[in-house]
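Q: Have a look at the structure that comes next, please.
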Amino acid sequence: MRNIELLDYVLDYDDNFWIVNNITDGIAKGYVVYRVSDEGKLNNITGKRYIKDNDNNGILEVPREFKRLFNPRNFYKNNKSNLEGIWKEYVLVLNEIGIDDKDIGIFGSYLIGFDITKDVDFSIYGKDNLYKYYKNIEYIKKKLNVSSISKEHVEYQYNKHKVKFSEKCDLKEIVSRNWSGIELDNGVLSTPRFIDLENMSIPKKCGIDKEVEVKVIEGISSAMLPRVAIVKYNDEEYKVLSTLWKFQSFAHVGDVCKIYGNVDEEKKIIILDDTKCYIKYLEKSDKIVDDSVSNDAVFYYAKVSYMSLYSTIILFKKGKI
């Protein structure tokens, strides 16, 4: 059996559906997202009815023995042709900007057999594809006639989830930083989840839970799962790792903030994996990527595209095409 990946789903022997939320020290962890209930909606795979398990018991080890494993990339490969409307257009524009089908997945309710296609959840694999997406986000929105997350949706998300987080956490600010999400005119928000398959696991916590003040020096990877940011703390570089779903894109270059998490001063790692962890902004930046590296490997695809165009022009001038 292949290794479990982030955003895989598992059907356990009680016919409940789990999602793999994080991989810690090589162990897949997550929670039940759909639980069997006569009052729920019909699942086409099990033939049973389900309700969303909003009262899950926190993050637990995913069962190692299970009935079935669902993988977003495999599902997308077999179901791309079934996509319709905006979602068909969405994957076509992903292909257009250089994101290959092998690096796209579908997770969420559609993956595990529910007839829910008005809100399709996509995963995108490879850090290079994160940069392609960032470079082309305005083009994507214009091509699909969609918008960034609205103030109304920020308020909705904040009010829905604030009870789970510390009062010290600037959750509304974090939610508003979702630059990769696209909002349809019917209010549906779809946020792709970016995954680096070579860096899916976070280490065990070996530090001390405490509040520290940091300055962000690299933050675009906080759009990935797990969330990653490089910060300066005590004049040294630390890596901040977070498994928290709502901390999508929490870090901008130049942010100064207080964060509460597990600080490992030996390994230079800060882990935010519990809702008691928080981020409090002292100085906020609008800069998602450092301009000084915008022409370097960060925008590799743009450079390749430019060089391809340049080569085409040269060949044309030489009469070879």
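The values are calculated or read from the model by the stated rules, or taken from the named source; none is laboratory data. If you're wondering where the values come from, they're calculated on a predicted model, not measured in any experiment. Cβ coordinates were reconstructed from backbone atoms using ideal geometry, including for glycine residues, and neighbour counts include every protein chain displayed. Only protein heavy atoms, including side chains, enter the accessible area calculation; ligands, DNA and RNA are left aside. Shrake-Rupley method; radii C 1.70, N 1.55, O 1.52, S 1.80 Å.
Q: Which value, in Å² and to the nearest 10, is the accessible area of Y281 when all protein chains are kept and the probe is 1.4 Å?
A: Estimated to the nearest 10 Å², Y281 gives 20 Å².
Q: Over the chain, with a single point scatterer placed on each C-alpha, what log10 of the ratio I(q)/I(0) does the Debye formula yield at q = 0.07, 0.10, 0.12 1/Å?
A: -0.30, -0.62, -0.89
Q: Please give the charge dipole size of the range 60-113, origin at the Cα centre, charges +1 on K and R Cβ atoms and -1 on D and E Cβ atoms. Round to the nearest 20 debye.
A: Numbers: 8 positive and 8 negative charges, 61 e Å.
Computed charge dipole of the range 60-113: roughly 300 debye.
Q: Relative contact order of the chain, please, whole-number percent, based on alpha carbon pairs below 8 angstrom and at least 6 residues apart.
A: 13 percent
Q: What order, most packed first, do the peptides 140-149, 242-251 have when packing is the mean number of other Cβ atoms within 10 Å of each residue?
A: Values: 140-149: 15.3, 242-251: 23.5.
Packing order, densest peptide first, comes out as 242-251, 140-149.
Q: I've got another one for you. Work out the charge dipole of the chain with +1 on the Cβ of Lys and Arg and -1 on the Cβ of Asp and Glu about the Cα centre, then indicate which of T46, W87, V120 is farthest towards its positive end.
A: Ranked along the dipole, the leading option is W87.
Q: Just subtract the alpha-carbon distance of E138 and S37 from 0.36 nm times their residue separation and send over the number in nm, one decimal.
A: Extra length from E138 to S37 when fully extended: 32.1 nm.
Q: Before I look further, what does the chain give for accessible area per residue, probe 1.4 Å, in whole square angstrom?
A: Details: 16720 Å² over 321 residues.
Averaged over the residues of the chain, the accessible area is 52 Å².
Q: Using 32 Å as the Cα-Cα cut-off, could you pick out the over-long pairs in K48/K151; K164/K215; K143/K204; K127/K258; K142/K284?
A: K48/K151; K143/K204
Q: Let me ask something else. 7 Å from Cα along Cα→Cβ at both K268 and V93: what's the point-to-point distance in nm?
A: The modelled label-to-label distance comes out at 3.9 nm.
Q: Can you tell me the FRET efficiency between E65 and V256 if r is taken as the Cβ-Cβ distance and R0 is 45 Å, rounded to the nearest 0.05?
A: The value I calculate is 0.45.
Q: To the nearest 20 debye, what is the magnitude of the charge dipole of the range 33-84 about its Cα centre, counting +1 on the Cβ of each Lys and Arg and -1 on the Cβ of each Asp and Glu?
A: Using only the charged Cβ atoms, the result is roughly 320 debye.
Q: Share of the range 60-108's accessible area from carbon and sulfur, percent, 1.4 Å?
A: C and S atoms contribute 44 percent here.
Q: Let me ask you something else. Could you rank the peptides 99-108, 35-44 by their average count of other C-beta atoms within 10 Å per residue, with the highest value first?
A: Put in order of decreasing packing, that is 99-108, 35-44.
Q: Run the helix sum for the chain: -39,500 (n - 2.57) per DSSP H stretch of 4+ residues, divided by residue count, reported at 222 nm to the nearest 500 deg cm²/dmol.
A: After summing the helix terms and dividing by the residues of the chain, the value is -7000 deg cm²/dmol.
Q: Another question about this same structure. Let's see if you can work this out: charge +1 on each Lys and Arg Cβ, -1 on each Asp and Glu Cβ, no other charges. What is the dipole magnitude of the chain about its Cα centre, in debye to the nearest 20? Walk me through the intermediate numbers first.
A: Numbers: 49 positive and 50 negative charges, 167 e Å.
That gives the chain a dipole magnitude of about 800 debye.
Q: Could you tell me which of Y134, V10, F107 has its Cα farthest along the dipole of the range 1-137 towards the positive end, charges placed at Cβ (Lys, Arg +1; Asp, Glu -1), taken about the Cα centre?
A: In the range 1-137, that residue is Y134.
Q: Distance between the C-alpha centers of the range 1-66 and the range 169-189? Whole Å please.
A: 25 Å
Q: Once ligands and nucleic acids are excluded and a 1.4 Å probe is used, how much of K215 is accessible, expressed in Å² to the nearest 10?
A: 110 Å²
Q: Can you send over the carbon and sulfur percentage of the accessible area for the range 197-259, probe radius 1.4 Å, protein chains only?
A: Numbers: 1180 of 2560 Å².
Whole-percent figure for carbon plus sulfur exposure: 46.
Q: A further question on this structure: For the range 227-284, what does the convex hull of the Cα positions come to per residue, in cubic angstrom? Could you put the intermediate results ahead of the total?
A: Working: hull volume 4.5 nm³, N = 58.
Taking the convex hull of the Cα positions in the range 227-284, it is 78 Å³ per residue.
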